[in-house]
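The values are calculated or read from the model by the stated rules, or taken from the named source; none is laboratory data. All values derive from a computational prediction rather than experimental measurement. Don't worry about glycine lacking a Cβ; one is built from the backbone with ideal geometry, like all the others, and counts go over all protein chains shown.
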């Protein structure tokens, strides 16, 4: 297959990852480091169960329909086992897979890789503090509800329930007619989930249930109110304001001009109006995004011991010393998004955030190691890690790295990628699992961060990207990354 772009460090292919990987030789790459689609579509559990059943039955490339992150079709589900089958095949024995995932779909990502033969060895958390809360404020949501419309809504659902009963049409038959799964119950219930069909759906329901035009005007009126907030929301008292920015480390997006944001970039803080909203004030639907798990898996077949495999293939082990937390990495004041750093005895703390009881590589437990002090003064006699630096004793359990800055988000012809990973994070990851001068496979190149990381670390990267719009982003990134080396060569 002719690559889209190639130099000494990177070979970039344009095409579907599964198609391209099938052209690569067996056992030809040392590691797979990838940022695959997270599959954030809101699939019903039955859809997920159907996908798992299909995979187990041998339909290994089954992917449900839907749209995921920002409505993107490519993010409708996690990669199926067929993709990981090919990753497993092209990896050398003992080769590692590092795959990013979302907290809510990491179980599916891991299962898909397991079904391809990967052994899940561990996990790393990418921790960041700049995630913007995306949950729903329950108190506000209650006040937004048009409680004054509730009696009219229940009259319409009662009317539809009677029409359905009269002609003997089941809820399933209604759902099947619309291609829905459970919507008919919402149109005919008197419970909290009752809702009014759209005008178009109302007309289609008339054809199924044969009702008259008695409720037509009310259905049209309620549909005309969709998007409006309830009177309780308008009655909320303004008690303060806050900045609408996305927080430190972000690209200073202030959302000026958005609804509720003034010319200073401030948004009003309001107090709940209704009794129900007061009851649920301070409740939300999700946590603040602050971590993404990285699955650590290995092709654990074809060898007897890791030591022998390293000598034969150069793969199977993790380069811990090249990825320790060192004194040069300043994590001070950046640990707020990690719960339980104080005396958690898990060996994954860093920075001057708290006193730690942390695990040493030799298995002993130092007492209250305080960052900024020399390790030998704090540990038992014979502590072996003093010469490695005050924080170098820590293994890579999690990695704090702020989200990619605007400088790391290339834009070409008005196109930018929505899910760019930080370059330093990707350099750290490829170092962890790839032998010197080894080859890394990235089946989902995106904007090319993994490819650039490999180039800067002296590794070779085979990258694949399906979306043509992103190819110029990758080549622009690589040209910029390699330019200093080219300039030095010209001077020499």
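Test residue 54 against the stated conditions and say whether it is modelled with pLDDT of 95 or more, under 30 Å from residue 308 (Cα atoms) and over 14 Å from the mean Cα position of the chain (by Cα). Steps first, answer last, please.
On the way: modelled with pLDDT of 95 or more: yes; under 30 Å from residue 308 (Cα atoms): no; over 14 Å from the mean Cα position of the chain (by Cα): yes.
Considered against the rule, which asks whether it is modelled with pLDDT of 95 or more, under 30 Å from residue 308 (Cα atoms) and over 14 Å from the mean Cα position of the chain (by Cα), residue 54 comes out as no.
Applying the selection to region 36-50, what residues are surrounded by 15 or more Cβ atoms within 10 Å (Cβ to Cβ) and at pLDDT below 95?
Within region 36-50, the first condition is being surrounded by 15 or more Cβ atoms within 10 Å (Cβ to Cβ), and the residues that meet it are 36-41, 43, 47-48.
Across region 36-50, the qualifying residues are 37, 38, 39, 40, 41, 43, 47, 48.
If the requirement is being modelled with pLDDT of 75 or more, loosely packed, with under 12 Cβ neighbours inside 10 Å, farther than 24 Å from residue 400 by Cα and more than 25 Å from the chain's Cα centre (by Cα), which of these qualifies: 270, 301? Even if it seems obvious, please write down each step before you answer.
Numbers: 270 fails: loosely packed, with under 12 Cβ neighbours inside 10 Å.
Just one listed residue meets the conditions, 301.
Does residue 94 fit the bill of being at positive phi, in contact with a strand residue (DSSP E or B) (Cβ under 7 Å, 6 or more places away or on another chain) and not assigned by TED's automatic domain parsing to the domain that holds residue 208?
Working: at positive phi: yes; in contact with a strand residue (DSSP E or B) (Cβ under 7 Å, 6 or more places away or on another chain): yes; not assigned by TED's automatic domain parsing to the domain that holds residue 208: yes.
Judged against the criteria, residue 94 is a match.
Looking at region 70-82, can you tell me whether even one residue there is exposed (fewer than 15 other Cβ atoms within 10 Å of the Cβ), part of a loop (DSSP other than H, G, I, E, B), touching a helix residue (DSSP H, G or I) at 6+ places or on another chain (Cβ under 6 Å) and assigned by TED's automatic domain parsing to the domain that holds residue 473?
no
Within region 91-107, is even one residue part of a helix (DSSP H, G or I), in contact with a helix residue (DSSP H, G or I) (Cβ under 7 Å, 6 or more places away or on another chain) and at pLDDT 95 or above?
Within region 91-107, the first condition is being part of a helix (DSSP H, G or I), and the residues that meet it are 106-107.
With in contact with a helix residue (DSSP H, G or I) (Cβ under 7 Å, 6 or more places away or on another chain) added as a condition, the list becomes none.
No, region 91-107 has no match at all.
Quick test for you: out of 383, 454, pick the one residue that is modelled with pLDDT under 80 and either closer than 23 Å to residue 314 by Cβ or not assigned by TED's automatic domain parsing to the domain that holds residue 22 (or both).
Numbers: 454 fails: modelled with pLDDT under 80.
Exactly one residue qualifies, and that residue is 383.
Within 26 Å of residue 88 (Cβ to Cβ) and either at pLDDT 95 or above or in the same structural domain as residue 37 (by TED's automatic domain parsing) (or both): which single residue out of 466, 477 fits that description?
466
State the number of residues belonging to region 114-152 that are part of a helix (DSSP H, G or I) and either within 30 Å of residue 85 (Cα to Cα) or touching a strand residue (DSSP E or B) at 6+ places or on another chain (Cβ under 7 Å) (or both).
Residues in region 114-152 being part of a helix (DSSP H, G or I) and either within 30 Å of residue 85 (Cα to Cα) or touching a strand residue (DSSP E or B) at 6+ places or on another chain (Cβ under 7 Å) (or both): 3 in total.
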